[in-house]
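Enquirer: Okay, here's the structure, questions in a sec.
The values are calculated or read from the model by the stated rules, or taken from the named source; none is laboratory data. This one's a predicted model, so the numbers in the text were calculated from it and none came from an experiment. Here the Cβ positions follow ideal geometry from the backbone for every residue, glycine too, while neighbour counts run over all protein chains shown. What goes into the accessible areas is simple: the full protein's heavy atoms, side chains included, and nothing from ligands, DNA or RNA. Shrake-Rupley method; radii C 1.70, N 1.55, O 1.52, S 1.80 Å.
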Amino acid sequence: MTIRVRLKRPRWQRRKYSPLARQRDIFFCTVQLMLSLGWDKLWGNDTPKQRNRRAQWLVNQLLELGPTFIKIGQALSTRPDLIPLEYVSALGQLQDKVPEFSSQDAIAVVETELANSVHTLYREFDRAPLASASLGQVHKAKLHTGEEVVVKVQRPGIEQLFNLDFEVLHRTVRWLNRFMPWARKYKLEEIYQEFFSLLFQEIDYVHEGKNADRFRNNFSDRAQIIVPTVYWRYTTKKILTLEYVPGIKINDRQTIEACGINPDKIIQLGICAYLKQLLEDGFFQSDPHPGNMAVRQDGCLIFYDFGTMTEVKAIAKDQMVKTFFAVLRKDAEEVVNTLTYMGLIEPQSDMTSVKRLVAFLLEQFRERPVDIKELDRIRDELYVMFEEQPFRLPAQMTFIIKALTTLDGIARALDPQYNLLAASQPFVKSLTFAKHQGNLFGTLAQQAKQYLTYRLNQPSKVELYLSRLEARIEQGEFKVRIRSLESERLLKRIHLAIKCLIYLCGSGLSLVAGILLLNIHQGCAIALFVCAGVSCLIFLRCAISLYLRERMDRLASR
């Protein structure tokens, strides 16, 4: 299934497009999607054929809404563990099959930016684009000196659209912070600012060229990592000219195997490259979708897009190093401590449920992909955590997690049962035997050596079982804790039910009193009607909270 090129100009490219119209389009698209999915579930029409139809409709809507939402679709297309495969397949078209814009527009941008005709600038310029993406499209060309290059041309009107989305989403964030106090702890304002900061950097191709040079320099000693050279003479804010480096799409396992390349080696190379970016360089590609990475015929890994690079602060980088090696050692206590220090976990008076979950995840999934069904074994701890909401996402960590989950999705496409621990071993070994170069590199090497010592002196399975049993006894018998949780849930539901009853009675009494006083004292009657309306709204809010709590309790008790 392929996306047909549209002759009609999409909504986001209209010249007169107000924030109100933009907000309306986003709202109606979201509502239509939710109602369609609900209708299919209600009538049992959730078949693969119907899901394909819905997925294709969603792709078309994302294309209509433009680059901001295309990027959301690209991120979802790498998560077969989160959404149905039909949606993964359809959204995968957004990686490199976004409808192109006209070659006349592309050439006009090139000639305007470089202040010369395209024939004077290039010996050859292919009018048909090599690839089309959310923010621009790429044309193959040849310089007069003979080098083959690709010319990345920015889509016309993209900056105006980002300014529009910036205003629309800012309104939404302010509304959430004002009317939903619980949303403030997630620091949506900071995440929103960071997100658009990255988007505006991505449409500055001079900034992208500098990122590419820095990235290439970081991997100058890694022959298996390929970064295209930037031709600065042919580069401006809206035009980027790079060395032509063709490759196989990184999630195309069939072609990779046909070329005699081992997919496990590609997974290992990709994970080690990202560990180096995050833990050693502190400068990483935050959008590693399959359109931005490829595999060369000789098995080397090619990175293409450097518009969304993120720099990690020194303190966060140091804590990520400790977290990574604590995960390798299955040290749940250290993992929780470092995540709390980085602001990912909100400290609570009782962190038992969080530590139990982390210990469970390390034990069960450190060496294999996560199976959501397995989490049913600790559903009570999950219930407590979600109720207390101890997890947060600082703005910078949001994009680190997005990059890692996208990379995880790519690895699963190559091998659904890939082993993260095995894939990261070359990176750990390279640190262990490297010379200390500065404080951070010394910390990396020290952590690596401690991990190898742990592996050599690892206790037997019997000793591990006894230590876990001892820890469980210290924390309290599990069944007693479950009964306590059930009592707490029941009390909270009773409390909500009483609040509902009070506000419902208040609303009814105010309404009746207002009707009786309507002909006697209109001012008092109107005041009572207002009180009745406010009480009714509070009653509805409490009723919805009670309904959601009952649903959560039922899920937890299954």
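Enquirer: For segment 91-242, give the percent of accessible area contributed by carbon and sulfur heavy atoms, probe 1.4 Å, rounded to a whole number.
Expert: 52 percent
Enquirer: Probe of 1.4 angstrom, ligands and nucleic acids ignored: what's the accessible area per residue over segment 19-78, in square angstrom?
Expert: Details: 3200 Å² over 60 residues.
Accessible area per residue, segment 19-78: 53 Å².
Enquirer: Taking a ≥ b ≥ c as the square roots of the Cα gyration tensor eigenvalues, with a/c under 1.5 meaning rounded and otherwise prolate when a/b beats b/c, else oblate, which class fits segment 194-247?
Expert: oblate
Enquirer: Let me ask something else about it. Would you mind putting 326-339, 23-36 in packing order, based on average other-beta-carbon counts within 10 Å, highest first? Can you show the working numbers first?
Expert: Numbers: 326-339: 19.9, 23-36: 13.4.
Listed from highest to lowest mean packing, they are 326-339, 23-36.
Enquirer: Considering only segment 94-253, what is the antiparallel percent among its DSSP beta bridges, to the nearest 5?
Expert: Numbers: 17 of 18 bridges.
Around 95 percent antiparallel, to the nearest 5.
Enquirer: For segment 137-229, what is the accessible area per residue in Å², given a 1.4 Å probe and the full set of protein chains? Don't jump to the answer; show the numbers that get you there.
Expert: Details: 4560 Å² over 93 residues.
With the other protein chains kept in place, segment 137-229 gives 49 Å² per residue.
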